[in-house]
Amino acid sequence: MSELVYTFRLATAADAEALQAIYAPYIETSITFECTCPSVEEFRKRIEERVCMYPFIVCEENGKPVGYAYASRLFAREAYAWAVELSVYFAQDFRGRGLGRVIYKKLLDLLTLQGVRSAHGKVTEPNEKSDKLHLAMGFRLVGVMDNVGFKLGQWRDVAHYEKILGDFSCPPAPVVPITELDPEKVKAILEAVE
Ligand SMILES: CC(C)(COP(=O)(O)OP(=O)(O)OC[C@H]1O[C@@H](n2cnc3c(N)ncnc32)[C@H](O)[C@@H]1OP(=O)(O)O)[C@@H](O)C(=O)NCCC(=O)NCCS
């Protein structure tokens, strides 16, 4: 990967159109279980809902978004507050360049700083790139949910990956919203060259 071409920053609602365009082609695959492409307005709403609590990172090539990754709560109920689910999408021409690992590392570092204890990934099989990404980043395969979805004329299996980010030896402090982290620490993670 050539240095300093790719940069990483937190997303804003103004990224909705560019990120929706990156996501749209995957609607035609089993990678996402969403079957209808969300409008730009819906995408904007989703970004706005997420950025106040969790990292939502955009990867740019020379200032143009080419991929993104974000965290959201794994489950809504209160006691699940320390577990998140990750999502990551790169534009089709930008896959396989090592960017998945770079953006995941930044996401996981920010989540650790927030006090999140575990990160989870759900991968519709087959998806060799995503399986390899999760294993390369230290996730373990928890199990496979057989035939849990039906898309594009087929029943689909989903693999569940988990990575532990903190220790479980004592009760946790509340997760610190991304907006309340030390901005210098956030900047250092986003700008770190892996
Ligand atoms: C999944 C995705 C985020 C991975 O990011 P990436 O930048 O392509 O992956 P990386 O280049 O960082 O490589 C990660 C691992 O996948 C492997 N990989 C990359 N391209 C591959 C390919 N075409 N076939 C098989 N393995 C591949 C790499 O070798 C690496 O494994 P390693 O560390 O064991 O060598 C990216 O491919 C993507 O956006 N795919 C479409 C959307 C998607 O599937 N999102 C995940 C939904 S669960």
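Every read-out reported here was derived from the displayed coordinates using simple, explicitly stated rules and does not represent laboratory data. What you see is a predicted model; the values in this text were computed from it and never measured. Note that we place each Cβ from the backbone using ideal geometry, even for glycine, and neighbour counts take in every protein chain shown.
Observations on the structure shown:
- Some residue of region 69-88 being more than 26 Å from residue 180 (Cβ to Cβ) and either of a type in the set (A, V, I, L, M, F, W, C) or in contact (Cβ under 8 Å) with a residue 60 or more places away in the chain (or both): no
- Subset of region 5-41 (residues that are among the β-branched types (Val, Ile, Thr) and either surrounded by 13 or more Cβ atoms within 10 Å (Cβ to Cβ) or within 16 Å of the ligand (Cβ to nearest atom) (or both)): 5, 7, 12, 22, 27, 29, 31, 32, 40
- Checking the stated criteria, residue 69 turns out to be under 12 Å from the mean Cα position of the chain (by Cα), surrounded by 14 or more Cβ atoms within 10 Å (Cβ to Cβ), hydrophobic (A, V, I, L, M, F, W, C) and closer than 23 Å to residue 184 by Cα.
- In region 124-152, the residues that are in contact (Cβ under 8 Å) with a residue 40 or more places away in the chain form Cβ pairs under 9 Å with partners that are surrounded by 16 or more Cβ atoms within 10 Å (Cβ to Cβ) and in a helix (DSSP H, G or I), at six or more places apart or across chains, as follows: 124/130; 130/100; 133/100; 133/104.
- Only one of the numbered conditions (1) assigned to a helix (DSSP H, G or I); (2) surrounded by fewer than 18 Cβ atoms within 10 Å (Cβ to Cβ); (3) more than 15 Å from the chain's Cα centre (by Cα) is violated by residue 49, and that is (3).
- Test: residue 109 is without any contact (Cβ under 8 Å) to a residue 12 or more places away in the chain, more than 14 Å from the ligand (Cβ to nearest atom) and of a type outside the set (Gly, Ala, Ser): no
- Filtered residues of region 156-194 (kept if in a loop (DSSP other than H, G, I, E, B), more than 17 Å from the chain's Cα centre (by Cα) and not small (Gly, Ala, Ser)): 167, 168, 170, 171, 172, 174, 175, 176, 181, 182, 193, 194
- Selection count where residues are part of a strand (DSSP E or B), closer than 16 Å to residue 31 by Cβ and touching a helix residue (DSSP H, G or I) at 6+ places or on another chain (Cβ under 8 Å), scope region 115-145: 2
- Residue check, residue 132 under 24 Å from residue 151 (Cβ atoms) and either more than 11 Å from the ligand (Cβ to nearest atom) or surrounded by 15 or more Cβ atoms within 10 Å (Cβ to Cβ) (or both): no
Residue-wise test of (1) near the ligand (Cβ under 8 Å from one of its atoms); (2) under 14 Å from the mean Cα position of the chain (by Cα).
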site: 85; (1), (2): no, yes
site: 95; (1), (2): yes, no
site: 105; (1), (2): no, yes
site: 120; (1), (2): no, yes
site: 126; (1), (2): no, no
site: 154; (1), (2): no, no
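- Failed condition for residue 44, given (1) over 14 Å from the mean Cα position of the chain (by Cα); (2) under 17 Å from residue 179 (Cβ atoms); (3) surrounded by 19 or more Cβ atoms within 10 Å (Cβ to Cβ): (2)
- Region 170-193: number of residues that are out of contact with any Phe, Trp or Tyr (no Cβ under 6 Å at 6 or more places or on another chain), of a type outside the set (Val, Ile, Thr) and in contact (Cβ under 8 Å) with a residue 60 or more places away in the chain: 6
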